[in-house]
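Have a look at the structure below, then the notes.
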Amino acid sequence: MILLEPNSYVLEETLLARFNSEKPEVVDITLVDFDNVIYHVQTSAEQRTLLNLSVEMKYFNEVCAYGAESILQREYGDYLVPVANSQYQITLQFNLEQLPADKAGLAKHVSMLKRNVLASPFIRAFEYWESQQEGAGPLMATHYRENEAIYVQAQQDRVTVIFSTLFQEEVDRVLGKVFLQEFVDARRQAAIQNAPQVFYSSREAPLEIRHLPGLRQDES
């Protein structure tokens, strides 16, 4: 089984190389992650010992409505600075002369930035579920790719997560069905019968999002 780490490995290695560099260098590196998230690592024009990380997330305004900004402040408050370029939504600044002793830990933590931002609707949904309020909580959508989205909604007895995914190629659709059926059948194994229940449909949208406009109702 292939386990995908929740952080950006290439961002972690890039930052760690800069953190461990004995001599501050001029840096201007652009990295593209999954979901078209862009990281721009650049030294300050005025001072080489200041390293800026700017992040472009096209769905950032959506997750801000679910508390993403408070998560950023909690996790990276010491490094947050005003965004100078309108292309980006987040900028962190590091003084290379005043880094903590655990530079590897800092690089790892910063490489989790996208994961922490995307966690905001999940955190809000679990908080709603724990509060035991009556009725369903708000349906929170994150359009993380073009024509694809994650929907999260809490109810009194469960939290529902829906991945709306588009497979453009026939081979991808066939492979997708095989993998998704494995998730559905997994609970038949005695060792993981308590795993979260998984359903999938290649035609009809789940009931929780069926009322939304613009959903595709076909085999893709």
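The values are calculated or read from the model by the stated rules, or taken from the named source; none is laboratory data. Quantities reported herein were computed from a predicted structural model and do not represent experimental measurements. FYI the Cβ positions are ideal-geometry reconstructions off the backbone, even for glycines, and counts take in every protein chain you see. The area values use the complete protein model at the heavy-atom level, side chains included, leaving out ligands, DNA and RNA. Shrake-Rupley method; radii C 1.70, N 1.55, O 1.52, S 1.80 Å.
Listing for the model above:
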item	result
Hits in region 164-195 - residues which are in contact with a helix residue (DSSP H, G or I) (Cβ under 9 Å, 6 or more places away or on another chain) and either closer than 25 Å to MET140 by Cα or in contact (Cβ under 8 Å) with a residue 24 or more places away in the chain (or both)	SER164, THR165, PHE167, ALA195
All strands (runs of 3 or more DSSP E) inside region 1-81 with 2 or more residues being touching a residue at least 24 places away in the same chain (Cβ under 8 Å) and surrounded by 17 or more Cβ atoms within 10 Å (Cβ to Cβ)	38-43, 50-56
Failed condition for HIS143, given (1) touching a residue at least 24 places away in the same chain (Cβ under 8 Å); (2) open to solvent by less than 60 Å² (accessible area, probe 1.4 Å)	(2)
Answer residue from region 104-124, given it is among the small types (Gly, Ala, Ser) and farther than 25 Å from GLN153 by Cβ and is surrounded by the fewest Cβ atoms within 10 Å (Cβ to Cβ) among those	GLY105
For ALA101: the one exception among (1) over 16 Å from the mean Cα position of the chain (by Cα); (2) at pLDDT below 95; (3) open to solvent by 80 Å² or more (accessible area, probe 1.4 Å)	(2)
Pairs with Cβ under 9 Å, 6+ apart, first in region 97-115 and free of Cβ contacts under 8 Å to residues at least 24 places away in the same chain, second hydrophobic (A, V, I, L, M, F, W, C) and surrounded by 15 or more Cβ atoms within 10 Å (Cβ to Cβ)	PRO100/LEU106
Residue count for region 127-168, restricted to those that are assigned to a loop (DSSP other than H, G, I, E, B), more than 16 Å from ASP35 (Cβ to Cβ) and among the charged types (D, E, K, R)	3
Unmet criterion (only one of (1) on the phi < 0 side of the Ramachandran plot; (2) touching a strand residue (DSSP E or B) at 6+ places or on another chain (Cβ under 6 Å)) for ASP35	(1)
